[in-house]
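The block underneath contains the structure these notes are about, expressed in structure tokens.
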Amino acid sequence: MTVKNIVTWSLFAVLAFTLISCGGYNAKQKKEIEKLMLDHLAKKYNKEFSVTITDNLHSISLGNPFGGGIVGLKGEAHVLGEEGKTFQVQYFEQNGIIDDGYSTMFMTERAEQILSETLNAAYNEPLKYEIATFGKPFGLLPSNEFTLESELSEYTESFNIEVYVKKILHPDEYKEASDKIDLIQKELIHRGMNNFFITAVYLNDYDFANIDHILAVLNNYYGNAFEIDDLFTYCRLKDDCKITAAIADNGELQNNRESIEEGFAQHREPDAYKLKKLPYIMQEIETRVLFGGDMRIDSAVKHGYTILEDATRKESLHSYGKSKIYNGFQAVDGVKKHRLYLTDLEGNLLFDQILEPFPLEFVDLRAIGVKNEKAYSYTTIAVVADYRDEHNNVVTKSSVYLVSNRSVEYNHALNEELNRLGIASLKDIFTFVKENKDDYREWMRFYKKSYNQT
């Protein structure tokens, strides 16, 4: 069974290095420009549209790359009767030009129909897919040259295609799988799709069922080179996930069958650090699956988490600002497990990862503290609590987490040394971390990355 999922990407801003500034548009001017947008769409596509002005359109100005002077207006539009399928429209004051993203929508729909037919003919296994038109840099819209009369083969924008197949792929099956992808890319070009990037992923049952949750977790770390931040890195750290890619540029294939097969064969990146991170990513995925993607503290409570209200702290965390640290426990197989959640002030989880200081049975919290090391751009969270060990003895344990660059780290060696030395006061914990962090390479890499980006 095929699951259709069309996604159309686009950020809508303007690449114009001008220093235009004005006070914005009044209601009458917005209404006039809204009518200009309607006339533009009706004339170009011979259809009736609805347009709503949504915001000012800003230039990218020197010293302020995310919003300079006002250069026009942005609107959201849809064909009458198709309210759920919206696209962006942009009006530029200086030259009166109007750009629209409607071609992105209907060209992607045409490509999706071809892709669906091609994939269904190629695969017997259950699969899912997504197709999107890549957004242009700085949110520029596609060229106004494309109309409903334009052929798909004339479309110069590139499609991003992701295909997920429910099958554990073994090495002796790489050639057959590569032949199939090679035939697919050739068929897409034959039918007018001249620019695309295909990612083909073979997944186990669990990953296939929860691919949306996996992508959401990985996206939290996108662009962080020290994290598992994309599907290629994730798959190449797992034995039961295989991934490869194929590219077409202006009707020319950039990958033959052999290079596609080489993609499947790449496995186990030499970065041992990321391999250690894999269990934490898997835990985040499991949490997101458990919560059904509703990543709020309310979801944790709904699933049996008991908050220790007196131990809830409102703190400022590095790269997040004002946040909340929830301290509490959850019964797992009848045993209380100590768990922390970090959220924003509205209760949305900052990390999908459950922070579990110790897997022992939780008895009582002694102290929790936060220390911001502004000079080094990280926040240390220290927790001291009593636990019951396997001999039924109550023992005091200290735990430390480091928050920086929108990520959280737990260094096993450092935490083991803390407890071996019996350090159990917040002041002593913070001193120990500051004086000894450079001795623990896993944290040192994290700290250097943080320092270099600030």
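The values are calculated or read from the model by the stated rules, or taken from the named source; none is laboratory data. Nothing here was measured: the structure is a model prediction, and the numbers come from that model. Counting neighbours? That spans all protein chains shown, and the Cβs are built from the backbone with ideal geometry, glycine included. What goes into the accessible areas is simple: the full protein's heavy atoms, side chains included, and nothing from ligands, DNA or RNA. Shrake-Rupley method; radii C 1.70, N 1.55, O 1.52, S 1.80 Å.
Checking F208 against (1) closer than 18 Å to E117 by Cα; (2) within 19 Å of the chain's Cα centre (by Cα): exactly one of these is not met. Which one?
Of everything listed in (1) closer than 18 Å to E117 by Cα; (2) within 19 Å of the chain's Cα centre (by Cα), F208 misses just condition (1).
Residue under question is A42, and the condition is that it be in a helix (DSSP H, G or I) and either over 28 Å from the mean Cα position of the chain (by Cα) or of a type outside the set (K, R) (or both); does it hold?
On the way: in a helix (DSSP H, G or I): yes; either over 28 Å from the mean Cα position of the chain (by Cα) or of a type outside the set (K, R) (or both): yes.
In short, yes.
Determine, yes or no, whether R388 is in contact (Cβ under 8 Å) with a residue 24 or more places away in the chain, under 19 Å from N220 (Cβ atoms), in contact with a Leu (Cβ under 9 Å, 6 or more places away or on another chain) and open to solvent by 60 Å² or more (accessible area, probe 1.4 Å).
Numbers: in contact (Cβ under 8 Å) with a residue 24 or more places away in the chain: yes; under 19 Å from N220 (Cβ atoms): no; in contact with a Leu (Cβ under 9 Å, 6 or more places away or on another chain): yes; open to solvent by 60 Å² or more (accessible area, probe 1.4 Å): yes.
No; evaluated as a whole, the condition is false for this residue.
Looking at this structure, is T118 touching a helix residue (DSSP H, G or I) at 6+ places or on another chain (Cβ under 6 Å) and either within 21 Å of S259 (Cβ to Cβ) or of a type in the set (S, T, Y) (or both)?
Numbers: touching a helix residue (DSSP H, G or I) at 6+ places or on another chain (Cβ under 6 Å): yes; either within 21 Å of S259 (Cβ to Cβ) or of a type in the set (S, T, Y) (or both): yes.
When the stated conditions are applied, T118 passes them.
Condition first: open to solvent by 60 Å² or more (accessible area, probe 1.4 Å) and over 28 Å from D212 (Cα atoms). Can you find one or more residues in the stretch 345-360 that meet it?
yes
Name the residues in the stretch 325-344 that are surrounded by 16 or more Cβ atoms within 10 Å (Cβ to Cβ) and of a type in the set (A, V, I, L, M, F, W, C), would you?
If the condition is that a residue be surrounded by 16 or more Cβ atoms within 10 Å (Cβ to Cβ) and of a type in the set (A, V, I, L, M, F, W, C), then I325, F329, L340, L342 are the ones that fit.
Within the stretch 251-308, take every residue that is touching a residue at least 40 places away in the same chain (Cβ under 8 Å), closer than 30 Å to Y326 by Cα and of a type in the set (D, E) and give me the one that is surrounded by the most Cβ atoms within 10 Å (Cβ to Cβ).
Ranking the candidates gives E284 first.
So Q453 ticks every box in (1) open to solvent by 70 Å² or more (accessible area, probe 1.4 Å); (2) under 30 Å from L218 (Cβ atoms); (3) at pLDDT 95 or above but one. Which box is left unticked?
(3)
I need the full set of residues from the stretch 391-440 which are farther than 28 Å from D344 by Cβ and either in a loop (DSSP other than H, G, I, E, B) or in contact (Cβ under 8 Å) with a residue 60 or more places away in the chain (or both), in order please.
If the condition is that a residue be farther than 28 Å from D344 by Cβ and either in a loop (DSSP other than H, G, I, E, B) or in contact (Cβ under 8 Å) with a residue 60 or more places away in the chain (or both), then H391, N392, N393, L421, G422, I423, A424, S425, Y440 are the ones that fit.
Only one of these is modelled with pLDDT of 95 or more and either in a loop (DSSP other than H, G, I, E, B) or under 24 Å from I211 (Cβ atoms) (or both): A77, A121. Name it.
Values: A77 fails: either in a loop (DSSP other than H, G, I, E, B) or under 24 Å from I211 (Cβ atoms) (or both).
Going through A77, A121 in turn, the sole match is A121.
Every residue in the stretch 211-257 that is assigned to a loop (DSSP other than H, G, I, E, B) and in contact with a His (Cβ under 9 Å, 6 or more places away or on another chain), please. Walk me through it before giving the result.
Pass one, the stretch 211-257, residues assigned to a loop (DSSP other than H, G, I, E, B): 220-230, 236-241, 250-251, 254-256.
If the condition is that a residue be assigned to a loop (DSSP other than H, G, I, E, B) and in contact with a His (Cβ under 9 Å, 6 or more places away or on another chain), then R236, L237, K238, D239 are the ones that fit.
For the stretch 157-174, state whether one or more residues are surrounded by 14 or more Cβ atoms within 10 Å (Cβ to Cβ), part of a helix (DSSP H, G or I) and out of contact with any Lys or Arg (no Cβ under 9 Å at 6 or more places or on another chain).
No, there is no match, as no residue in the stretch 157-174 is surrounded by 14 or more Cβ atoms within 10 Å (Cβ to Cβ), part of a helix (DSSP H, G or I) and out of contact with any Lys or Arg (no Cβ under 9 Å at 6 or more places or on another chain).
From the list D229, D207, pick out the single residue that is of a type in the set (D, E) and open to solvent by 10 Å² or more (accessible area, probe 1.4 Å).
On the way: D207 fails: open to solvent by 10 Å² or more (accessible area, probe 1.4 Å).
Every option except D229 fails the conditions.
Look at the stretch 79-98 and say how many of its residues are more than 21 Å from Y155 (Cβ to Cβ) and crowded, with 16+ Cβ neighbours inside 10 Å.
First, the residues of the stretch 79-98 that are more than 21 Å from Y155 (Cβ to Cβ): 80-81, 83-84, 91-96.
Next, only the ones that are crowded, with 16+ Cβ neighbours inside 10 Å stay: 91-93.
Result for the stretch 79-98: 3.
Any idea how many residues of the stretch 188-226 are touching a Leu at 6+ places or on another chain (Cβ under 8 Å), of a type in the set (S, T, Y) and over 23 Å from A121 (Cα atoms)?
Total satisfying the criteria: 0.
Check L237 against each of (1) open to solvent by 20 Å² or more (accessible area, probe 1.4 Å); (2) farther than 30 Å from F106 by Cβ; (3) in contact with a Lys or Arg (Cβ under 7 Å, 6 or more places away or on another chain) and name the one condition it does not meet.
(1)
Taking the stretch 99-131 as the search range and keeping residues that are out of contact with any Asp or Glu (no Cβ under 9 Å at 6 or more places or on another chain) and among the aliphatic types (A, V, I, L, M), which one is most open to solvent (accessible area, probe 1.4 Å)?
Residue satisfying both the conditions and the ranking: M105.
Kindly list, by first and then second residue, each pair from a residue in the stretch 211-228 that is without any contact (Cβ under 8 Å) to a residue 40 or more places away in the chain to a residue that is open to solvent by 10 Å² or more (accessible area, probe 1.4 Å) and not polar (S, T, N, Q), limited to pairs with Cβ atoms under 6 Å and residues at least 6 apart or on different chains.
Cβ pairs passing all conditions: Y222/D229.
Take the residues of the stretch 134-162 that are among the β-branched types (V, I, T) and within 20 Å of H190 (Cβ to Cβ): which is modelled with the highest pLDDT? Break it down into steps so the answer makes sense when it comes.
First pass over the stretch 134-162, keeping only residues among the β-branched types (V, I, T): 147, 156, 161.
Restricting the remaining residues to those that are within 20 Å of H190 (Cβ to Cβ) gives 156, 161.
Details: T156: 91, I161: 97.
Among those that are among the β-branched types (V, I, T) and within 20 Å of H190 (Cβ to Cβ), it is I161.
I'm told K274 meets every condition in (1) more than 22 Å from the chain's Cα centre (by Cα); (2) in a helix (DSSP H, G or I) except one. Can you identify the failing condition by its number?
Looking at each condition in turn, K274 falls short on (1).
Looking only at the stretch 133-153, decide whether some residue is closer than 25 Å to K238 by Cβ and either part of a helix (DSSP H, G or I) or open to solvent by 10 Å² or more (accessible area, probe 1.4 Å) (or both).
Residues of the stretch 133-153 closer than 25 Å to K238 by Cβ: none.
No: the stretch 133-153 contains no residue that is closer than 25 Å to K238 by Cβ and either part of a helix (DSSP H, G or I) or open to solvent by 10 Å² or more (accessible area, probe 1.4 Å) (or both).
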